[in-house]
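All remarks here apply to the structure that follows.
The values are calculated or read from the model by the stated rules, or taken from the named source; none is laboratory data. Predicted, not measured: the structure shown is a model, and the values here were computed from it. Every residue, glycine as well, gets a Cβ built from its backbone with ideal geometry; the counts of neighbours run over all protein chains shown. Only protein heavy atoms, including side chains, enter the accessible area calculation; ligands, DNA and RNA are left aside. Shrake-Rupley method; radii C 1.70, N 1.55, O 1.52, S 1.80 Å.
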Amino acid sequence: MNTARVLITDKAKEVVLQLQQKFGELMFHQSGGCCDGSSPMCFEKGELILNETDVLLGEIANCEFYISTVN
């Protein structure tokens, strides 16, 4: 059974599509921390340098979604 790890509402997908039209390819990242980075953040693809502590959870609106294993 394939279970989705990240989900997006239809309204949020509309916003992501608007951002893609304006900025091109995007990616999402969420830190494992307790402060500002705890909320998912949107970047232009490649703007955030990933490392071995970042895990790909899946995709939303054709955008990769990563989470950090470090908290």
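Rolling a 1.4 Å probe across the protein heavy atoms gives the chain an accessible surface of 74 Å² per residue.
Taking amide hydrogens as placed 1.01 Å from N in the peptide plane, the amide H of Leu50 sits under 5 Å from that of no residue at least 5 positions away in sequence or on another chain. Surface composition of the chain: carbon and sulfur atoms hold 52% of the protein heavy-atom accessible area at a 1.4 Å probe. Between Thr69 and Thr9, the simple label model (points 7 Å from Cα in the Cβ direction) yields a spacing of 3.3 nm. When DSSP beta bridges are restricted to pairs lying wholly in the chain, around 70% turn out antiparallel.
The long axis of helix 10-23 is offset from the longest Cα principal axis of the chain by roughly 90 degrees.
Highest-first packing order for the peptide set 42-52, 17-27, 59-69 is 59-69, 17-27, 42-52, based on the mean count of other beta carbon atoms within 10 Å.
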